[in-house]
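Asks: I have a structure here, written as structure tokens, and I will follow up with some questions on it.
Just so it is clear, none of the values below were taken in a lab; they were calculated from the coordinates. Keep in mind that this is a model prediction, so the values were computed, not measured. Glycine gets a Cβ as well: all are built from the backbone with ideal geometry, and neighbour counts include every protein chain shown.
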Amino acid sequence: MRVDTPKRFPTRWSRLGRIYVPLGDREWSRSHAANPAVELLDGDLFRVYFGTRDGERRSSIAWFNLELGDKPRVVSEADEPLLRPGTPGTFDDSGCGMGCVVRVGDARHLYYMGWNLGVTVPWRNSIGLAISPGEGAPFERISLAPIMDRHLLDPFSLSYPWVLAETSRYRIWYGSNLSWGRQERDMYHVVKHAESENGIDNWQRTPEVCVGGSSPEEFAVCRPCVVRAGDRYRMWYCSRGETYRIRSADSDDGLVWRRNRPDVELPPSHEEWDCDMDCYPCVFAHKGRWYMLYNGNRYGATGIGLAVGVID
């Protein structure tokens with residue numbers, strides 16, 4: 001399906017407000033709508049995928065349909081989740097965190113983060129894949145095992161996959177923990193890169209870090225969203241010091257990145273739901289304009305917001 005991508009990236013953003021928060025009336029969705037990702041269905045209709053939590057804080061992946069007209073509105077939502085936590089003992093038995101959806105012919109590939117709760121450290125995450133073979137068909141895990149797990153280059157934990165299908169390869173940008181410590185601030189979380197011929201296995205990892213912290217206070221950089229316009233790439237991500245904020249970086253090849261100034265990102269908010277934090281961006285183009293889905297306070301507990309890009 002054709003997407004009218006602008007030739008230039010936005011130079012600033014305007015918040016349009018919150019568009020969705022779970023009611024908390026379903027056993028599998030008591031709270032949170034985290035890590036939004038979109039798929040264009042038809043015309044102005046998009047499917048927004050997200051992670052939501054049950055009463056035991058285990059995350060499943062669900063969706064709602066968003067009509068992106070003059071006044072964006074939610075028109076329907078899932079009665080049941082697409083993916084629930086995995087079989088006990090597997091890499092995703094504590095929950096599934098949304099990554100992205102990639103169309104491959106008639107099929108859709110859903111890349112996600114599998115949660116395992118830890119003992120000596122808070123968690124150990126890996127990257128999984130579920131595939132829907134056609135329109136209306138359910139998503140099924142391709143394996144009980146992850147498609148990317150711990151490795152010499154990623155020794156602790158992997159998370160937040162974002163995949164682009166290019167002419168002869170699939171490229172993934174993902175989060176990687178490079179260290180753990182006694183306190184949360186001792187963690188060092190960065191964005192890395194790998195490639196695969198089929199988007200399923202034999203991922204060849206790049207040893208270099210794509211985007212890491214710019215200072216000792218910025219100890220976590222995560223949830224990359226990578227968009228290509230012409231011969232340039234832009235990555236939106238969130239970085240954490242005192243709290244999460246959404247940032248961006250540019251690249252000519254998807255490997256070497258130049259961070260942008262903070263003033264090209266979301267302006268401060270005075271709304272109660274997103275005044276203290278913004279995180280987990282998903283940026284997409286529609287009818288020549290840029291849009292961003294994002295989470296506000298408490299890592300998605302207060303729902304999903306929408307912003308529109310401005311090109312000066």
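Asks: From the phi of every residue in the stretch 104-116, what ³J(HN,Hα) in whole Hz does the Karplus formula 6.51 cos²θ - 1.76 cosθ + 1.60 yield, where θ is phi - 60° and glycine or proline is x?
Replies: 10, x, 7, 8, 10, 9, 9, 8, 9, 9, x, 9, 10
Asks: Additional query: What distance in nm separates the two pseudo spin-label positions at Thr243 and Ala301, each 7 Å out from Cα along the beta-carbon direction?
Replies: About 1.3 nm, to one decimal.
Asks: To continue, here is another question. Take the alpha-carbon centre of the stretch 238-312, take the same for the stretch 152-176, and report the distance between them in whole Å.
Replies: For the stretch 238-312 versus the stretch 152-176, the Cα centre distance is 20 Å.
Asks: Sorted by average packing, counted as other Cβ atoms within 10 angstrom per residue and highest first, what order do 296-304, 42-50 take?
Replies: Values: 296-304: 21.3, 42-50: 18.1.
With the highest mean Cβ count within 10 Å placed first, the list reads 296-304, 42-50.
Asks: Calculate, in whole percent, how much of the Cα-Cα pair population of the chain lies beyond 25 Å.
Replies: Working: 21880 of 48516 pairs.
Summing the P(r) of the chain above 25 Å gives 45 percent of all pairs.
Asks: Can you pull the semi-axes for the stretch 156-312, root of five times each eigenvalue of the Cα gyration tensor, sorted largest first, whole Å?
Replies: Values: eigenvalues 116, 92, 38 Å².
Square roots of five times the eigenvalues give 24, 21, 14 Å.
Asks: So which GluC sites (Glu not before Pro) in the stretch 242-287 end up in coil per DSSP with only 14 or fewer other C-beta atoms within 10 Å? Working shown, then result.
Replies: On the way: sites: Glu242, Glu265, Glu271, Glu272; in loops: Glu242, Glu265, Glu271, Glu272.
Passing both the DSSP loop test and the Cβ count: Glu242, Glu271, Glu272.
Asks: Is any residue of the stretch 268-283 close enough, with backbone N under 17 Å, to a label point placed 7 angstrom from the Cα of Val308 along the Cα-Cβ axis, and if so, which?
Replies: 283
Asks: Karplus couplings for the stretch 280-291 from phi (6.51 cos²θ - 1.76 cosθ + 1.60, θ = phi - 60°), rounded to Hz, Gly and Pro as x?
Replies: Those phi angles translate into 6, x, 9, 10, 8, 10, 7, 6, x, 10, 9, 10 Hz.
Asks: Can I ask one more? So how do 107-120, 204-217 stack up, highest first, on mean other-Cβ count within 10 Å? Could the numbers behind the result be given before it?
Replies: Working: 107-120: 19.4, 204-217: 14.4.
Those peptides, ordered most packed to least, come out 107-120, 204-217.
Asks: Among Ser126, Ser76, Ser251, whose mean-square fluctuation peaks in a Gaussian network model of the chain (Cα, cutoff 10 Å)?
Replies: Ser76
Asks: Compare the peptides 180-189, 232-241 by average per-residue count of other Cβ atoms within 10 angstrom and give them in order, highest first. Before the final figure, lay out the partial values.
Replies: On the way: 180-189: 13.9, 232-241: 21.8.
Ranked by mean Cβ neighbours within 10 Å, highest first: 232-241, 180-189.
Asks: At a Cα cut-off below 19 Å, give the lysines reachable from Lys287, other chains included and same-chain residues fewer than 8 away excluded.
Replies: Lys7, Lys71
Asks: At 25 °C and 0.890 mPa s, what whole-number value in µm²/s does Stokes-Einstein give for the translational diffusion of the stretch 92-146, with Rh from the Kirkwood sum over Cα pairs? Walk me through the numbers on the way to the answer.
Replies: Details: Rh = 11.9 Å.
Here the translational diffusion coefficient equals 206 µm²/s.
Asks: Work the Kirkwood hydrodynamic radius out for the stretch 164-231: mean of 1/r over every pair of different alpha-carbon atoms, inverted, in Å. Can you show the working numbers first?
Replies: Details: mean 1/r = 0.0748 Å⁻¹.
By the Kirkwood definition, the hydrodynamic radius is 13.4 Å.
Asks: Report the net charge of residues surrounding Gly241, where surrounding means a beta-carbon distance below 15 angstrom and charges are Lys +1, Arg +1, Asp -1, Glu -1.
Replies: Details: positive: Arg185, Arg240, Arg245, Arg247, Arg259; negative: Glu184, Asp186, Glu217, Glu218, Glu242, Glu265, Asp276, Asp278.
Charge balance near Gly241 sits at -3.
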